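Please read the structure below before turning to the comments.
The values are calculated or read from the model by the stated rules, or taken from the named source; none is laboratory data. Note that the structure is predicted; figures quoted are calculated from it, not measured. Ideal geometry is used to build each Cβ from the backbone, glycine not excepted, and the neighbour counts take in all protein chains shown. Only protein heavy atoms, including side chains, enter the accessible area calculation; ligands, DNA and RNA are left aside. Shrake-Rupley method; radii C 1.70, N 1.55, O 1.52, S 1.80 Å.
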Amino acid sequence: MTRTAQRRADPPATRPDEEFVRLSEPYRRELLAYCYRMLGSIHDAEDLVQEIYLQAWRGYGGFEERSSLRTWMYRIATRACLKALEGRGHRPLPSGLGGPSDDPGDPPGPRLPEVLWLQPAPDALFGVDPAVVVEARQTMRLAFIAALQHLPGRQRAVLILRDVLAWRAVEVADLLGSTTAAVNSALQRARAQLSQIAPTEDGVAEPADPDLRALLDRYAAAFENADIAALMGVLTDDAVWEMPPIPTWYVGREAVGRFLAARIVATGDYRMVSASVNGQPAFGSYARDHDGVYRPHALQVLTVTTTGIARIVAFLDADLFPLCGLPPAADATG
């Protein structure tokens, strides 16, 4: 329905600002997901979506319906994202900065607060249903978001619009003020670079429920019980452990197990609370402090395969807990 026809169907008292809110609000979550994929920061994405809606509201009177309202909103969002990315480096995970640690027995490196790290995003912000098919969640996975950050801004936008949102090349060209040939060329380059950055992350096969639930329960119980043997038993041979903002990371079951035994499990008492982040299972880990209260320690985002847990990114940021709906403290009884 065109805007003119829509207005005819509306009560006469409807004001333009009310009309804008009613027609634009259904796109808020998908625009938030788009901005998050572009920027790699859920905080920046939320702030930018507010700016996008303010710009769109101010300009709604001049919207001439040459495209759909959704396309118009994406045009504003893309311009805002590209502007936000100007002069900014990519948001990495520790594995994107250098090689893994040679000795898990050595103390990990110091935190790097000056680095703009990739941020996780809770599924609840996007209305993600955990029951949807795995393919629909692949484009929110941490590995995919991290790989996107290596692409130049316009290539990033083209790949998301074409491969994630399934826009036609002519639609993307119109949105970017480009040509179909230029869009296809940018898409080809983006796909090639993405395949080099994360060639093994496509099509991660998860175990089906209830096997997935059982595996996660075993992992949480092993962590809470400081059972290193059980922890190693749920990891894959090439498992990875990362913990931004600390740049040190580990690869391989033995290396991860040695690090956890020496630096994490043996030095603390933990409780685990489940969450759902980036379309992946996650846990808020809570460490017991000197008062006996279990307080936020790390948001652990897991990559799970049919052979075990392949990657754990433990974000050492307590501010992520309320964002993910996790409580400020955990029950001492577990």
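Numbers at a glance
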item: Relative frequency of Cα-Cα separations exceeding 18 Å in the stretch 54-154, percent; result: 68
item: Rounded percent of accessible protein surface that carbon and sulfur make up, the chain, 1.4 Å probe; result: 52
item: Cα long-axis angle, helix 180-197 against the chain (0 to 90 degrees, to the nearest 10); result: 0
item: FRET E, pair ASP102, SER185, Förster distance 41 Å, beta-carbon r, rounded to 0.05; result: 0.50
item: Difference of contour (0.36 nm per residue) and Cα-Cα distance, THR71 to GLU19; result: 17.0 nm
item: Extended-chain gain in nm, criterion 0.36 nm per residue less alpha-carbon gap, GLU64 and ARG29; result: 10.2 nm
item: Size of electric dipole in the chain: Cβ of Lys, Arg +1 and of Asp, Glu -1, about Cα centre, debye, nearest 20; result: 1280
item: Net charge, ARG168 excluded, C-beta distance under 13 Å - Lys, Arg +1, Asp, Glu -1; result: -2
item: Relative contact order for the chain, counting Cα pairs under 8 Å that sit 6 or more residues apart, in percent; result: 17
item: Largest-first ellipsoid semi-axes for the chain, taking √(5λ) over the Cα gyration tensor eigenvalues, angstrom; result: 40, 23, 18
item: Within a Gaussian network of the chain (alpha carbon springs, distance under 10 Å), most fluctuating of ALA181, ALA143, ALA173; result: ALA181
item: Accessible surface, per residue, of the chain when the full set of protein chains is kept, probe 1.4 Å, Å²; result: 47
item: Contour minus Cα-Cα distance for HIS290 and LEU212 (0.36 nm per residue); result: 24.6 nm
item: Residue-averaged 222 nm ellipticity for the chain, from DSSP H runs of 4+ at -39500 (n - 2.57), nearest 500; result: -12000 deg cm²/dmol
